[in-house]
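Report on the following structure.
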Amino acid sequence: MRILVVYPYITYPEVVLEFLEKLALYDNEIVAIFASNQSKAPHIYESPSGQVNLYRIPSIELRPMILKNIVQHYPYFLHLSDVIKNISPDLIVINSQLFLTSIQAIKEAIRNNKPSVLGIHGIYADRGFLPSLAQKMYLHAIGSWIFKNSTLIRCLTTNEAIELIKFGAPLDKIRIIPNGVDTDLFKPSKEREENSLIWVGRIVPEKGLVYLIKALAIIVREYSLKDIILKVVGDGPQLPFLLKTVRKLDLRKYVKFLGSQSRKEIASMLARSSLFVFPSLREGMPLAVLEAMSCGLPIIGSRIMSLKNLIIDGYNGLLVPPKSPISLANAIVMLMTDNLLRSRLSNNARDHVLKKYAYTQIIPRLLQVYREATL
C-alpha cells in the first residue's frame, strides 16, 4: 500500500522517522510531507530500503496571535493538489485536527476519491482561557467538518474518543489504537544511577514541571537525599521561567537542563536513571511515559485521566494529585528509599509495555485500520 502521511510541521523528526520506518516494514511505501517555507531541497530523507520518503512542501504561515503560545507554526500548503496527484496514494493519513493543512488534505482526499484516516494526538492544548476557547470554537465550527469527512478517525484512548464525540465526531468512524514504542531501542540497563530523576518532553506550562522543581526543593530541604539529581531533557517556551525558579530555590546543584537530545541518547539516559517523574496537568497519550516504562523505570505521574490509562497505581508506578509538590516529594522519597518496591514497579513497567504498547503489537492494529479505510 502506498500511504501518504501529512504533517502540518515536524517538531521531533527522529520520532516521526522511527514511526514511518516501522510502518514500512510491513511492505508499505510511505511518503510523508510537511509544510515548509524554506527554499532548501524538498526531498530531505529516504530510508535505506527506499520505502520511506520525506518531503518539504511549500507553504505560507497564517498563525493568528491568539495561537502564538500554542503552536510554533500554523501553515497553509501551496500546490497540495499537484503533490497528491503526483504521489497518487492509496490512503492519506492526516495528523492533527487543529491545522488548516488537515482541512486541505481532507478536501484533496475527497476531490481525488482517496480514503483518509485522521490521527488525533490530544484534542486541544490547554494554554489559558482565551487560547482554549479559540480552539474549542474551531473544533465545534470546523473540526466537526473534518471529523465527518474523514473516512476513519484514530484516537489514542477511549477518553479521547469520548471527548471527540462532543465536537461532532461520528462514533462509527472512531478506532482506538494507542501509541507504540520501540522496545528494542528503549530497554533497561544493568547500570542505574542512584537517586537520579528524569523528565523528558516539551517544556510548556501544562507539563507541570514547576511542581516537580518545588518538590525537589522540599526533598533537599527536609530529607537526607542530598545527592539527588533531576535531569530535564527537552526544550520549550517555559524554559526561562524554570531556570529562574531553580535559581530562586537554590537548586542549581540538583537540576540539569540538558536540552534536546537524540533518540539514542534519550534511551540511554532513561535506562540509566532511577525514576521517571511526569507531573502533567493535561495529556493525550505521552510517548515519553511509554518510553520510560519500556526502559524499566517506575513512573510517578499526576492522577489525571490520560496518565491513569497508562500508570496502574502501585503496579508500574505511583499516581499523585496534580499541582501538589508535597505529594510528588513524598512519592519520590518513597521509591528512592524502598528498593524492593522500586524493583517491582520497574519490572512491571517493562512487562506492561511489552504486552500492550510495543510496536510489534501496535503497527499491525494500525495497518488493519488503514486497510479498513481503503475498502
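Entry remark, the stretch 16-40: residues being open to solvent by 30 Å² or more (accessible area, probe 1.4 Å) and small (Gly, Ala, Ser) number 1 in total. Residues in the stretch 148-168 that are open to solvent by less than 50 Å² (accessible area, probe 1.4 Å), in contact with a Leu (Cβ under 7 Å, 6 or more places away or on another chain) and hydrophobic (A, V, I, L, M, F, W, C): Ile153, Cys155, Phe167.
Mind checking whether some residue in the stretch 268-277 is in contact (Cβ under 8 Å) with a residue 40 or more places away in the chain and aromatic (Phe, Trp, Tyr)?
Yes: one or more hits.
Pro325 passes every criterion in (1) in contact with a Lys or Arg (Cβ under 6 Å, 6 or more places away or on another chain); (2) crowded, with 22+ Cβ neighbours inside 10 Å apart from (2). Hey, could you check the stretch 321-330 for residues that are in contact (Cβ under 8 Å) with a residue 40 or more places away in the chain and of a type outside the set (Ser, Thr, Tyr) and say which is farthest from Ala215 (Cα to Cα)? For the stretch 321-330, the residue satisfying everything is Pro322.
Going through the stretch 41-63 one residue at a time, which ones are among the aliphatic types (A, V, I, L, M) and surrounded by 14 or more Cβ atoms within 10 Å (Cβ to Cβ)? Talk me through it step by step, then tell me what you get.
Initial filter on the stretch 41-63 (among the aliphatic types (A, V, I, L, M)): 41, 44, 52, 54, 57, 60, 62.
Once the filter is applied, which keeps residues that are among the aliphatic types (A, V, I, L, M) and surrounded by 14 or more Cβ atoms within 10 Å (Cβ to Cβ), the stretch 41-63 yields Ile44, Val52, Leu54, Ile57.
Being at pLDDT 95 or above, crowded, with 17+ Cβ neighbours inside 10 Å and outside any helix (DSSP H, G or I) holds for only one residue in Lys214, Lys231, and it is Lys231.
A Cβ distance below 6 Å, combined with a sequence gap of six or more or placement on separate chains, defines the contacts here; from the stretch 146-167, residues that are farther than 19 Å from Thr374 by Cβ reach no residue that is part of a helix (DSSP H, G or I) and among the aromatic types (Phe, Trp, Tyr). Only one of the listed residues (Leu185, Leu197, Leu242, Leu171) is closer than 23 Å to Ser262 by Cβ, among the hydrophobic types (A, V, I, L, M, F, W, C) and open to solvent by 20 Å² or more (accessible area, probe 1.4 Å). That residue is Leu185. Considering only residues in the stretch 108-133 that are of a type in the set (S, T, N, Q) and either over 18 Å from Gly168 (Cβ atoms) or surrounded by fewer than 16 Cβ atoms within 10 Å (Cβ to Cβ) (or both), the one that is modelled with the lowest pLDDT turns out to be Ser132.
Could you list, in sequence order, all residues of the stretch 283-322 that are polar (S, T, N, Q) and either surrounded by 23 or more Cβ atoms within 10 Å (Cβ to Cβ) or closer than 22 Å to Arg192 by Cα (or both)? Walk me through it before giving the result.
Here is the first cut: in the stretch 283-322, the ones polar (S, T, N, Q) are 294, 302, 306, 309, 316.
If the condition is that a residue be polar (S, T, N, Q) and either surrounded by 23 or more Cβ atoms within 10 Å (Cβ to Cβ) or closer than 22 Å to Arg192 by Cα (or both), then Ser294, Ser302, Asn316 are the ones that fit.
Taken residue by residue, the stretch 279-286 has no member that is in contact (Cβ under 8 Å) with a residue 40 or more places away in the chain, under 24 Å from Pro321 (Cα atoms) and assigned to a strand (DSSP E or B). Is the stretch 350-359 home to any residue that is over 26 Å from Ile176 (Cβ atoms), out of contact with any helix residue (DSSP H, G or I) (no Cβ under 6 Å at 6 or more places or on another chain), modelled with pLDDT of 95 or more and crowded, with 18+ Cβ neighbours inside 10 Å? Within the stretch 350-359 (the criterion being over 26 Å from Ile176 (Cβ atoms), out of contact with any helix residue (DSSP H, G or I) (no Cβ under 6 Å at 6 or more places or on another chain), modelled with pLDDT of 95 or more and crowded, with 18+ Cβ neighbours inside 10 Å), the answer is no, since none of the residues qualifies. Residues in the stretch 224-257 that are among the β-branched types (Val, Ile, Thr) and farther than 14 Å from Val200 by Cβ: Ile228, Ile229, Thr245, Val246, Val255.
Just one of the numbered conditions (1) open to solvent by 20 Å² or more (accessible area, probe 1.4 Å); (2) modelled with pLDDT of 95 or more; (3) in contact with a helix residue (DSSP H, G or I) (Cβ under 9 Å, 6 or more places away or on another chain) is not true of Pro205: (2).
Would you pick out the residues in the stretch 135-147 that are among the hydrophobic types (A, V, I, L, M, F, W, C) and open to solvent by less than 20 Å² (accessible area, probe 1.4 Å)? Walk me through it before giving the result.
Taking the stretch 135-147 and keeping what is among the hydrophobic types (A, V, I, L, M, F, W, C), we get 137, 139, 141-142, 145-147.
Correct list: Leu139, Ile146, Phe147.
Can you name every residue in the stretch 137-174 that is at pLDDT below 95, among the β-branched types (Val, Ile, Thr) and not in a helix (DSSP H, G or I)? Correct list: Thr157 only.
Find the residue count for the stretch 81-96, including only residues that are outside any strand (DSSP E or B) and either open to solvent by 10 Å² or more (accessible area, probe 1.4 Å) or farther than 15 Å from Ala35 by Cα (or both).
At the first step, the residues of the stretch 81-96 found to be outside any strand (DSSP E or B) are 81-90, 96.
Filter again for either open to solvent by 10 Å² or more (accessible area, probe 1.4 Å) or farther than 15 Å from Ala35 by Cα (or both), leaving 81-83, 85-90, 96.
Residues meeting the conditions: 10.
The values are calculated or read from the model by the stated rules, or taken from the named source; none is laboratory data. Please read these numbers as outputs of a predicted model, since none were measured by experiment. Don't worry about glycine lacking a Cβ; one is built from the backbone with ideal geometry, like all the others, and counts go over all protein chains shown. Surface accessibility is based on the protein's heavy atoms, side chains included, excluding ligands, DNA and RNA. Shrake-Rupley method; radii C 1.70, N 1.55, O 1.52, S 1.80 Å.
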